[in-house]
């Protein structure tokens with residue numbers, strides 16, 4: 001998979017933005033980056049799109065800024081000259097795809113039926129856009145097409161929102177979803193970029209689905225751990241369960257038989273997609289301890305952040 005598409009997979013959500021006035025480009029880019037999504041597919045159907053891509057790319061060079069709704073090779077040239085790092089098209093035009101490939105520019109063309117997929121395979125593509133997603137049968141249609149075309153992955157766009165995002169991303173043939181619900185045109189027009197930042201952060205948090213799974217308490221011995229867990233059982237009815245290195249009281253309290261990470265213990269936070277969560281948290285400057293990573297069937301299922309919060313180590317766990 002192309003490196004930029006690999007970043008798409010880690011990000012999970014690709015904001016699709018319409019910019020009518022180039023003056024909105026930089027504050028919009030700032031809102032997306034601060035909201036946790038340093039990426040934008042700028043639709044190339046407005047007069048301001050080309051200049052918007054240039055301004056966003058110059059102000060935030062680390063951001064993945066690309067052009068969407070690209071229909072011609074001439075638009076490809078203009079978008080790339082403006083700083084576009086990727087191209088997205090609503091349909092599959094072999095001429096445009098081949099032109100991008102010749103210029104080594106990642107392109108994700110739109111598909112909606114098996115014939116489109118076969119054409120994409122013939123062109124050497126392994127990731128396609130599915131558009132418009134909901135109007136073309138949504139997730140059910142993607143799953144039906146993925147069955148015979150096992151090496152193809154999809155980026156659905158069109159009708160994706162906070163309510164159906166997780167159902168799409170749970171399917172392992174989907175690398176990311178394109179959507180505009182965090183960048184509504186009325187907020188852009190009103191210049192309310194603080195609201196856009198908040199909607200973007202909300203979209204990321206909805207996707208990652210963070211929730212408290214359990215609190216770990218450090219005890220100095222197996223006997224002490226058993227006693228603490230037993231007290232929780234007596235007080236609150238949390239059934240005690242003895243494990244190899246700890247004693248659980250229900251599912252919310254874990255008492256370690258010997259001190260582990262954290263001065264006082266640890267806090268486990270569950271997430272829908274642990275690898276995406278790690279990527280997003282690293283974008284914010286947090287660091288993880290790779291020596292604490294645990295894997296199951298080759299997939300990451302748990303990992304600790306470096307350092308402590310309030311005397312507690314914190315780790316992510318895959319739901």
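Considering segment 76-88 alone, what residues qualify as being in contact with a strand residue (DSSP E or B) (Cβ under 7 Å, 6 or more places away or on another chain) and either over 27 Å from residue 283 (Cβ atoms) or assigned to a strand (DSSP E or B) (or both)?
76, 87, 88, listed by residue number.
Checking the structure you have, find out if any residue of segment 146-163 is free of Cβ contacts under 8 Å to residues at least 40 places away in the same chain, part of a helix (DSSP H, G or I) and crowded, with 22+ Cβ neighbours inside 10 Å.
no
Specify the residue that is surrounded by the fewest Cβ atoms within 10 Å (Cβ to Cβ); the eligible residues are those in segment 7-48 that are part of a helix (DSSP H, G or I) and either touching a strand residue (DSSP E or B) at 6+ places or on another chain (Cβ under 7 Å) or assigned by TED's automatic domain parsing to the domain that holds residue 274 (or both).
7
Take residue 223 and tell me if it is at pLDDT 95 or above, part of a helix (DSSP H, G or I), surrounded by fewer than 13 Cβ atoms within 10 Å (Cβ to Cβ) and under 25 Å from the mean Cα position of the chain (by Cα).
No; evaluated as a whole, the condition is false for this residue.
Specify which of the listed residues (185, 166) is assigned by TED's automatic domain parsing to the domain that holds residue 91 and within 20 Å of residue 6 (Cα to Cα).
Details: 185 fails: within 20 Å of residue 6 (Cα to Cα).
Testing whether each residue is assigned by TED's automatic domain parsing to the domain that holds residue 91 and within 20 Å of residue 6 (Cα to Cα) leaves just 166.
Which one is surrounded by the fewest Cβ atoms within 10 Å (Cβ to Cβ), of the residues in segment 92-109 that are free of Cβ contacts under 8 Å to residues at least 24 places away in the same chain and assigned to a loop (DSSP other than H, G, I, E, B)?
104
Given the structure, is residue 43 within 16 Å of residue 183 (Cα to Cα) and over 19 Å from the mean Cα position of the chain (by Cα)?
yes
Just one of 58, 51 is assigned to a helix (DSSP H, G or I), touching a helix residue (DSSP H, G or I) at 6+ places or on another chain (Cβ under 7 Å) and either assigned by TED's automatic domain parsing to the domain that holds residue 110 or closer than 21 Å to residue 177 by Cβ (or both); which is it?
51
Would it be correct to say that residue 101 is out of contact with any helix residue (DSSP H, G or I) (no Cβ under 8 Å at 6 or more places or on another chain), in the same structural domain as residue 45 (by TED's automatic domain parsing), within 17 Å of residue 5 (Cα to Cα) and at pLDDT 95 or above?
In short, yes.
Identify all residues within segment 177-211 that are outside any helix (DSSP H, G or I) and more than 16 Å from residue 29 (Cβ to Cβ); write none if there are none.
First pass over segment 177-211, keeping only residues outside any helix (DSSP H, G or I): 177-184, 191-192, 209-211.
Within segment 177-211, 177, 178, 179, 181, 184, 209, 210, 211 meet the criteria.
If you scan segment 235-274, which residues turn out to be surrounded by fewer than 16 Cβ atoms within 10 Å (Cβ to Cβ), touching a helix residue (DSSP H, G or I) at 6+ places or on another chain (Cβ under 9 Å) and not in a loop (DSSP other than H, G, I, E, B)?
241, 242
The values are calculated or read from the model by the stated rules, or taken from the named source; none is laboratory data. Since we're looking at a predicted model, the values are computed, not measured. All Cβ positions, glycine included, derive from the backbone under ideal geometry; neighbour counts span all protein chains shown.
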